[in-house]
Each structure stands twice: as C-alpha cells, then as structure tokens.
Amino acid sequence: MTRVGHRGGTAADGDQLAFRILGPLTVTDGAKVVDPGSAKQRTLLAILLCRANSVVSTNELVETLWPHGQPRTARKNLQAYVSGLRKAIGDCSLVFKAAGYQISLGRSALDAAKFDALARQGRSCLRSGDPSSATGLLRAALDLWQGPALAEFAGNPVLQHEADRLTARRIEAYENLVEAQLATGSVLDILDEIGELARAHPIRERLRGLQMAALHQAGRQAEAFAVYDEVRQELARELGLSPSPVLHQQYQAMIALQQPKPGNAASMFWLPRAVGDFVGRKRELDELLRILGRPGDAAAPAVAVVHGLPSVGKTTLAVHAAHRLRSAYRDGQILVELRDRGTGDVVAELLRRLGAQPEADAVCEEDRAALLRALLVDRRVLLVLDDATDAESVYPLLPVAGGSAALVTSRRLVALDSAHYVGLDAFAVSEAVELLGKIVGPARVGADPKAAEQVVRAARLLPLAVRVAATVLVARPDAPLVSSSVDGAAAARAAIASLVDDLSIEERRVLHRLAVIGTAEEPADSTADDVAPVLESLLRAHVVSDAGAGHEPRYRLSELLAPYARELVEPVRDRTGLVPISNPAFLTSVSSLALELLEGG
C-alpha cells in the first residue's frame with residue numbers, strides 16, 4: 001500500500017512518518033527522529049499540520065512565516081522552504097493546490113487527528129449514557145498530549161491562535177472525561193489533575209463546576225465551596241461578572257445536600273393519583289418492582305420501558321408501580337409527559353421540580369441536561385417519563401450514576417442501552433369484565449355476564465375504552481349494559497386513529513398495502529428487501545405482529561387493527577369513523593408484500 005506522509009514518494013506501511021503537534025513539533029520515522037530543517041521550514045510545517053488535508057493559501061503562509069513584515073522576495077523564499085521541506089518529509093505529502101499548499105496525511109499519521117477522533121467518540125458515548133466507554137476513549141485521547149501545543153512558536157500570532165484552538169479542544173475533552181468519571185464514581189484519581197488545569201484556567205466555569213462536583217463526590221465539601229468562592233471573586237475582578245446561573249445553582253444544590261433532609265419528601269412527590277380500581281397486570285407489576293425496587297445496587301441506574309398500544313394502560317401501570325416504590329426513592333418521584341414536547345422544555349421542568357432556580361432556563365440545553373444529571377447523582381429519585389416517541393428524547397433525561405432510576409412508557413419499542421422491557425397487551429376478557437364491575441358495581445355486571453362480555457369486546461379489551469363504556473353506564477344506572485357498547489367501540493376507534501396518526505408516511509403506505517394484500521384471495525409472490533425495514537418498524541410500533549414459524553418472518557395486522565382493515569384501504573374515510581369488519585384474513589409475508597407495494601405505490 002502507498003501512504004502519504006512518508007519519505008521518497010513510496011513506502012511500506014511500517015515506514016510511514018508520524019507527526020506530532022500536541023506538544024513540541026516532532027516528526028518521526030519509526031524510532032528515528034526526522035529533522036524538518038530550518039526554523040522557517042519548521043514554522044511552515046507547523047501551520048500546514050494545523051490545517052492538515054486542507055489547502056493553506058500562499059498569503060496565509062507568508063503571513064505565518066513573516067508575521068512582522070514580509071520581504072519583497074517572500075513568495076520566492078516560500079517556494080524554497082517548500083522545496084526543502086519536501087526533501088525532508090517526502091514529495092507526495094506536500095503539494096501545490098489552488099493558490100496554496102496542502103499536506104495530505106492519513107488519520108493515524110497526525111496526533112491531532114487521532115485526538116479529535118477519540119475525543120469525538122468519547123463525547124458520543126457520554127451523551128448516549130455510556131460513561132465507562134467514554135472514560136477509556138477520552139483518556140486515550142488526552143494521553144496523546146506531550147505538553148503545551150506548539151510551545152516553540154509562542155511568539156508567532158498565527159500559530160499561537162492555532163495552539164489556543166488545540167488547547168481549547170484539550171480542555172473540553174478533559175471536562176468530558178471528568179463528567180464521565182463523575183458518572184462512574186471514580187474521580188479520586190484525577191482530583192490533582194483537575195486542580196492543576198483549573199489553576200491554569202481559573203474562570204472557565206464548566207471546568208470549575210466539574211471541579212466542585214468532583215470534590216463534593218470525594219467528600220471534600222469545604223474545598224468544593226471554596227472553589228465556588230474563588231470563581232466568584234475571579235469573575236468579579238477580571239470581568240465584572242457574577243457566576244453563571246448553572247454554576248450558582250450547582251452551588252445551591254450542594255448546600256442543600258448538606259442540610260438535614262425533612263422527614264417528609266412531599267414537595268418532591270410529583271405523581272398523579274393512583275387509580276383505586278387497578279385490575280390485573282400482576283406479572284408486569286412484579287417485574288417492574290423487581291427491576292426498580294433496589295436503587296443503587298446495579299452498576300448503572302435502572303431503566304424500565306413499558307411499551308404497548310395506545311389506551312392499553314401503560315401510564316396507569318407505571319404510576320401504580322411508582323406509588324408502590326415510594327419507599328425506595330426517598331428523594332421523590334416525578335412524572336413528566338414527553339409527547340409533543342422538546343427535550344429542552346422537559347429538562348427545564350425537571351430542574352424546577354428538583355428545586356433549580358428559574359434562572360437555570362437561561363443557559364444552553366446541554367448545560368441544563370448536565371445540571372440535571374448532577375442533581376440526580378446524590379439523590380434517589382424515580383423519573384416516570386411518560387409517552388416517549390423515540391430514544392433521542394429520552395437519553396438526555398436518564399440518570400447516569402447513583403441511586404436514581406427511570407420508568408419510561410412508549411407506544412413504540414424505543415432502543416435504550418441496558419433497559420429492561422415490559423410489554424403490555426390488551427386485557428383478558430375476565431380482567432376487562434372485572435374492571436367494568438369495579439366501576440359500575442359487581443352486582444350489575446353479575447346480573448348479565450353475557451352483556452358485560454359484549455361491552456368489553458366492543459371496547460377491544462382496551463382498559464381506557466372499557467373505562468369510557470363503564471362511565472356511560474354509571475351516568476345511566478337504569479340502562480342495560482349492552483347500551484354502552486357503542487361508546488366503548490368509539491373509544492377503541494379513537495385509539496386506532498391515534499395509533500395510525502403516529503406513523504410516518506412510509507409506514508402508512510406499507511400499512512395500507514398490507515391491508516389490501518390481507519383481503520386479496522391470492523397474494524402476489526415476489527421479493528423486496530426494502531420492505532422489511534418498514535415492516536420491522538411497524539412491528540416495533542405494535543401495528544403488525546410476526547406470525548412466522550420459521551426463519552422467514554410473516555407479518556399480519558395486530559389484533560387491534562385487523563377488524564378495521566377495510567377502512568385502512570379507504571384513505572378518504574375519516575379514521576375516527578372506522579367500522580369493524582368480520583372474519584379478516586391478514587396473514588402475509590415479506591416476499592408476498594413486495595410486488596403489491598411496487599404496483600400500488
């Protein structure tokens with residue numbers, strides 16, 4: 001393989017030159033140090049490496065080589081320095097392009113490129129809730145530094161600007177490392193490093209806030225408070241400013257943690273009332289209590305996801321479980337609704353619920369999310385995140401360390417790392433009848449059990465639809481049970497409408513064609529691999545189920561949607577007026593879908 005960044009135009013992989021700018025400018029060829037040449041050639045190489053794989057204009061190169069005034073022969077001299085540098089590092093590495101020069105390097109040839117790649121991966125792991133992986137990646141990135149960047153060029157304004165830019169990226173990576181180690185509870189080993197960096201950057205507020213958090217986690221509260229006082233004085237003296245709302249709120253939160261906790265955490269109890277007629281769900285409830293019942297025992301905070309169709313009772317189950325878990329989460333339980341809300345609004349609401357001042361809303365969304373995580377670390381709080389639409393809206397809200405936990409409800413199967421999933425189906429007939437009896441009275445249901453069963457079946461065994469039908473009966477104590485069937489059916493149709501409304505255009509198109517094929521006598525036989533991902537998405541949305549017995553998946557409409565298939569293929573019909581049909585046949589496979597999809601569009 002031919003590599004750029006080597007001597008003599010062609011070299012084997014092992015002969016590739018390595019360039020370092022994260023510290024003194026260094027060029028090596030294996031174990032041998034390569035001399036780039038004169039001071040001007042070193043300066044030229046430094047600016048080209050700072051912009052590796054990008055064209056640096058001739059004008060900028062001249063300005064870098066002669067920052068205090070250019071000689072008349074500057075461009076001619078530049079060509080001579082380029083020629084000398086080519087002899088040192090190889091002709092193929094340095095080329096003239098578009099009124100400038102470019103040095104072309106593989107990512108592994110330049111330490112700054114390797115640093116950026118590792119730091120970016122570490123930041124991504126941190127944001128996705130994997131602080132352990134983030135710690136390893138960020139530490140590997142920072143280990144590439146051998147001292148201040150390009151220190152020998154401190155008097156050159158252009159290269160000093162580049163060095164400052166590299167240093168800022170180094171500090172950001174170090175801040176992310178501290179945040180990751182805070183999340184894993186392992187800051188003791190880096191307290192001295194944090195202090196050294198903080199002394200070099202005394203008014204960088206995120207760094208000082210992390211220093212405070214690290215000292216606090218290490219049990220050195222007095223030193224943490226002293227850091228805040230230092231920052232406050234430095235900001236006032238240097239800039240005439242007060243600490244930012246985030247830093248001030250962090251300070252207030254640490255003070256609050258030092259005060260004795262009241263025996264009653266009612267101010268932190270933000271759950272709706274648990275229903276008194278809770279029915280069934282014993283297996284699912286026991287699973288949630290097992291997953292969430294021992295906060296702080298696992299390596300990472302527990303996350304449970306309750307998923308299922310609309311109106312199937314996900315929120316009711318989650319709230320019931322949260323009430324049962326109150327003693328395990330002494331610092332509170334908070335329910336927030338996620339549907340149709342921006343993540344920033346939800347974070348701001350949680351901060352207010354946790355006692356953050358309104359000023360915290362003024363800072364950027366990323367800082368607010370970091371503050372939320374910091375407030376949860378030393379508390380035991382259960383977050384009930386209701387009606388999530390995707391993983392991206394949930395991740396910034398999840399606790400990353402400590403004894404807090406999250407209970408998520410969603411109509412779709414959202415992919416969250418290390419989550420425990422609890423699926424929820426419609427009631428069994430006996431459970432639905434029991435709920436009906438708890439609302440209208442067991443004697444009334446017992447007097448006409450067949451009518452009661454007819455009512456709950458019309459409601460498609462959905463808890464919310466059964467409750468609607470029961471409420472109608474309570475308002476009409478002398479009406480026969482069966483009279484509420486239409487109301488239960490209407491509530492079930494509304495659930496269907498909301499389910500279909502949630503689908504993307506592509507998902508609706510495939511659902512429409514699936515309904516067509518389901519009513520056809522002889523489905524077409526073809527293949528289309530691009531259909532499978534959409535069907536899998538519909539499977540996660542509980543719109544279809546997999547009825548395949550072998551390796552090839554076979555899909556059919558879910559039991560809730562199946563009776564409405566005819567109306568699904570009549571798009572002009574108002575979905576809230578769907579009328580069930582009898583004896584639907586909806587079994588099909590990926591292969592038999594393909595031709596119909598291609599023909600139907």
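Laboratory data are not the source of any read-out in this text; all were calculated from the coordinates shown. Owing to the predicted nature of the structure, the values given are computational and were not obtained by experimental measurement. In this analysis, Cβ positions are derived from the backbone assuming ideal geometry, glycine residues included, and neighbour counts consider all displayed protein chains.
Length gained on full extension, Arg199 to Phe96, computed as 0.36 nm times the residue gap minus the Cα-Cα distance: 32.7 nm.
Which FRET efficiency, nearest 0.05, do Ala218 and Ser57 yield, Cβ-Cβ r, R0 56 Å?
So the FRET efficiency works out to roughly 0.65.
The chymotrypsin sites (Phe, Trp or Tyr not before Pro) of the range 9-114 include none that meets both criteria, a DSSP state outside H, G, I, E and B (loop) and at most 10 other C-beta atoms within 10 angstrom of the site's C-beta.
Applying 1/(1 + (r/R0)^6) with r as the Cβ-Cβ distance of His323 and Ile255 and R0 = 35 angstrom yields a FRET efficiency of 0.70. Peptides 115-123, 272-280, 383-391 ordered by packing proxy, namely the average of other Cβ atoms within 10 Å per residue, highest first: 383-391, 115-123, 272-280. Label reach from Arg341 (point 7 Å along Cα→C-beta): in the range 467-505, no amide nitrogen lies under 14 Å.
Setting aside same-chain residues fewer than 8 positions from Lys97, which lysines have a Cα under 23 Å from its Cα? Once the sequence-local lysines are set aside, what remains near Lys97 is Lys40, Lys76, Lys87. Modelled this way, with points 7 Å down the Cα-to-C-beta line, the labels at Lys87 and Arg273 are 9.1 nm from one another. Each Lys or Arg adds one and each Asp or Glu subtracts one; over the other residues with Cβ under 10 Å from the Cβ of Val158, this totals -3. Rounded to the nearest 0.05, the FRET efficiency derived from the C-beta distance between Ala236 and Leu188 at R0 = 41 Å is 0.85.
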